[in-house]
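These notes are about the structure you will find just below.
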Amino acid sequence: MMHYGHSNAIRQAKEMGDYLIVGVHSDEEIRKHKGPTVMNQEERYEAVAACKWVDEVVPNAPYFTTVEILDQYDADFCVHGDDISKINVMTNNATLSDGTDCYEEVKKAGRYKECKRTTGVSTTELVGRMLLLTRVHHQLNENSFPVKSIENFQNNPKSRYTSGVSHFLTTSRKIVQFSNKKEPKTGDKIIYVDGAFDLFHVGHIELLKKAKELGDYLLVGIHDDKTVNAIKGSNYPIMNVHERTLSVLSCRYV
């Protein structure tokens, strides 16, 4: 699942160099090492390609990054979030918890760098918000601080210690980092489109792409949480307005 946490990692990676190549794992690789996917591989390929900091996408990228792979694409180094974890190695249909690091080879070669993880967002957390049907994630304002975590939802989905609260506090600086910092020029044909853009997906991307093709400058309006909830009800929006803003700003067509 592609979310603004991934976009922020991609943004940081692009700042480390001149040309950014992003490898995206296949559904089979993800099921093997992590579990079921939320978006299928074609959707994820398209979502990553639409991120404005990405120069090239490598489909079906292997889970283990090697020096050979970096050399194949003339890459100087690879980047991962500083939350990198150990994984299980599958051998002869047996799972061995040997703590193997899938970036061990490139680390030893001195061709590995890390970027800061975006605190408070993960695929597990977003799925948890949908399943728990809470509303607290969009009742917070920009001065509010979350009090509970859903990071253990995957292991204990019924735990009373989990909630759908977002841990991410949007700041003006983060908005600026995601923005194009561009103003429409005199004579530009300005196109306006609005929506909730909740759980930003390939349907949203296609809409923004087609809208941008109609003019020179695309302006996107994002409905606030109260409006979305009044229209859709339940625990919608799944992502609060600040999170949805970052998702839209990361799209290359905006």
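Where a number appears in this text, it was derived from the coordinates with a stated rule and is not lab data. Model, not experiment: these values are computed from the prediction. When we count neighbours, we look across all protein chains shown, and the Cβ atoms used for this are built from the backbone with ideal geometry, even at glycine.
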Hypothetical label at R173: residues of segment 1-27 whose amide nitrogen lies under 17 Å (7 Å Cα-Cβ projection): 8-9, 11-13, 15
Cβ under 13 Å from P184's Cβ, P184 left aside: what net charge do those residues give with Lys, Arg +1 and Asp, Glu -1? +2
Quick calc, L219 & E42: beta-carbon distance into FRET formula, R0 30 Å, rounding 0.05, result 0.55
Multiplying the sequence separation of R31 and M16 by 0.36 nm and subtracting their Cα-Cα distance, what value in nm do you get? 2.4 nm
Rounded to the nearest 0.05, what FRET efficiency do K108 and L207 give with R0 = 41 Å and r taken as the Cβ-Cβ distance? Could you check? 0.35
What Rg and what Dmax come out for segment 4-115 when only alpha-carbon atoms are used, in angstroms? 14.2, 41
How much length is gained if the chain between Y63 and E183 is pulled fully straight, taking 0.36 nm per residue apart and subtracting their Cα-Cα distance, in nm to one decimal? 39.2 nm
